[in-house]
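Trainee: First, the structure itself, so that you have it in front of you.
The values are calculated or read from the model by the stated rules, or taken from the named source; none is laboratory data. Predicted model only: the values in this text are computed from it and were never measured. All Cβ positions, even for glycine, are placed from backbone atoms using ideal geometry, and neighbour counts span all protein chains on display. Side chains included, ligands, DNA and RNA excluded: accessible areas come from the protein's heavy atoms. Shrake-Rupley method; radii C 1.70, N 1.55, O 1.52, S 1.80 Å.
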Amino acid sequence: MESVDRVPLPRGRGRGQVRGLLLFLLSMLLAGPVQAEIPLALSGTAAEGGLMLGKTAPGATVTLDGAAVRTSSDGDFLLGFGRDAAGTKRLEVTLGHEKAVREIAVADRTFRIERIDGLPKKKVTPDPEALARIKEEKAEMDAAKKTTDAAASYLGGFQWPARGRLSGVYGSQRILNGQPRRPHYGTDVAAPVGTPVKAMAGGRVTFVHPGMFFNGKTVLIDHGLGLRSVYIHLSDTSVKAGDTVTAGTAIGAIGKTGRATGPHLHFALTLGSIPIDPELVLGEMPK
Ligand SMILES: [Zn+2]
């Protein structure tokens, strides 16, 4: 026999409905001010050396672990995680009275140890004259990093700046002629002198140097919102400060100028002062 409850519900709200409403209000209280109304999209890699591309509503305020994150007028933003940044980061996006919160689990990575021997002694332990030159060159480059474009020029996409053999990876602990140095914050592509080097993303050239002590011929590109790429040891440069580039614009050629044992491109990506792993952004080098 089918059993159908034919007892009419009392007028007004049923007890179940009231309980449902209470549960809903309770869940709202427990969830805090989290609202689904603020659009929030994230892509990229949540790992040490990773870069995430974010998009929210124009005018929203973004913070990561309480620190302000720069946004474009379209609501684009970037999150970067350094070499030793593993752990949970709290992303908060606020617009008016609404707030969206995301916990981002940044994965731990293990980095290699690389030994490089046979470097000229003066390039490993510079003399006082060289130290003064290095300091001056650093100041020049730092000055070019004081500002960044407010537009997200990187949105056109990323591409490998050169083709060749990967001869150095991000994050490795370098031991030069037996002396431990700071980790290698870049990717090395070994290829013959003269191999074309292209901009890895759209942006504006902010610095070109004809021959730095360590870096040799150098190009620095600002991709907006604090994202920058640098290309060093070049044999030739074909852009000047102020030039606008898109991903793939020719900027120079592979060389071995500065502190290099053989022809290769060292390129690095930073978000503000955070070193990003280019390989996590670019993926595998196309054949
Ligand atoms: Zn390198």
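Trainee: What FRET efficiency would be calculated for the residue pair T61, T244, taking the C-beta separation as r and a Förster radius of 22 Å, to the nearest 0.05?
Mentor: 0.15
Trainee: What is the distance in Å between the Cα centroid of the stretch 69-83 and that of the stretch 203-278?
Mentor: Centre-to-centre distance over Cα atoms comes out at 21 Å.
Trainee: Let me check something: with ligands and nucleic acids excluded, how do K89, K146 order by accessible area (1.4 Å probe), largest to smallest?
Mentor: K146, K89
Trainee: What is the set of long-range amide H partners of A241 at a cut-off below 5 Å, with H atoms built 1.01 Å from backbone N?
Mentor: V208
Trainee: Determine the gain in length on full extension of the stretch L155-N177; use 0.36 nm per residue of separation and subtract their C-alpha separation, reporting nm with one decimal.
Mentor: 3.8 nm
Trainee: Can you compute 3J(HN,Hα) from phi for each residue in the stretch 206-214, using the Karplus curve 6.51 cos²θ - 1.76 cosθ + 1.60 with θ = phi - 60°, rounded to whole Hz and x for Gly and Pro?
Mentor: With coefficients 6.51, -1.76 and 1.60, one gets 10, 7, 9, 10, x, x, 7, 4, 8 Hz.
Trainee: Regarding the stretch 40-106, what are the three Cα extents along the principal axes, ordered largest first, in Å?
Mentor: Extents along the principal axes, in whole Å: 33, 19, 17.
Trainee: Based on the Cα gyration tensor of the stretch 122-282, what are the three equivalent ellipsoid semi-axes, each the root of five times an eigenvalue, rounded to whole Å and given largest first?
Mentor: 23, 18, 16
Trainee: Hey, what do the phi angles of the stretch 192-204 turn into as Karplus ³J(HN,Hα) couplings, whole Hz, using 6.51/-1.76/1.60 and θ = phi - 60°, x for Gly and Pro?
Mentor: Going residue by residue, I get x, 3, x, 4, x, 10, 10, 4, 7, 6, x, x, 10 Hz, with x marking Gly and Pro.
Trainee: Using only Cα atoms and rounding to the nearest 10 degrees, what angle (0 to 90) does helix 15-31 make with the longest principal axis of the chain?
Mentor: Rounded to the nearest ten degrees, it is 20.
Trainee: With N residues in the stretch 104-186, what two-decimal value do you get for its Cα radius of gyration over 2.2 N^0.38 Å?
Mentor: 1.47
Trainee: If you don't mind, another one. Grab the DSSP H runs of the chain that are 4 residues or longer, score each as -39,500 (n - 2.57), total them, divide by all residues and round the 222 nm result to the nearest 500 deg cm²/dmol.
Mentor: Theoretical 222 nm ellipticity from helices: -4500 deg cm²/dmol.
Trainee: So, one more: Explain nothing, just the number: relative contact order of the stretch 155-283, from Cα pairs under 8 Å at least 6 residues apart, as a whole percent.
Mentor: 28
Trainee: Could you please state how large a percent of the accessible area of the chain is carbon and sulfur, counting protein chains only and using a 1.4 Å probe?
Mentor: 55
Trainee: Could you state the angle between the C-alpha long axis of helix 128-144 and the longest principal axis of the C-alpha atoms of the chain, as a value from 0 to 90 degrees rounded to the nearest 10?
Mentor: Value to nearest ten degrees: 40.
Trainee: For the stretch 189-287, rounded, prolate or oblate, judged on the Cα gyration tensor with a ≥ b ≥ c (square roots of eigenvalues), a/c < 1.5 rounded, else prolate if a/b > b/c?
Mentor: It comes out rounded by the Cα gyration axes.
Trainee: In whole Hz and in residue order, list the ³J(HN,Hα) couplings for the stretch 73-80 that follow from phi through the Karplus curve 6.51 cos²θ - 1.76 cosθ + 1.60, θ = phi - 60°; x for Gly and Pro.
Mentor: Values per residue, Gly and Pro as x: 5, 8, x, 7, 8, 10, 10, x Hz.
Trainee: Going by the alpha-carbon gyration tensor, a ≥ b ≥ c the square roots of its eigenvalues, is the chain rounded (a/c under 1.5) or, if a/c is not under 1.5, prolate (a/b greater than b/c) versus oblate?
Mentor: Taking the square roots of the gyration eigenvalues as a ≥ b ≥ c, the chain is prolate.
Trainee: Just the accessible area per residue of the chain, please: how many Å² with a 1.4 Å probe?
Mentor: Per-residue value: 54 Å².
Trainee: Could you sort the peptides 238-247, 221-230, 192-201 by per-residue average Cβ neighbour count (10 Å cutoff), highest mean leading?
Mentor: 221-230, 192-201, 238-247
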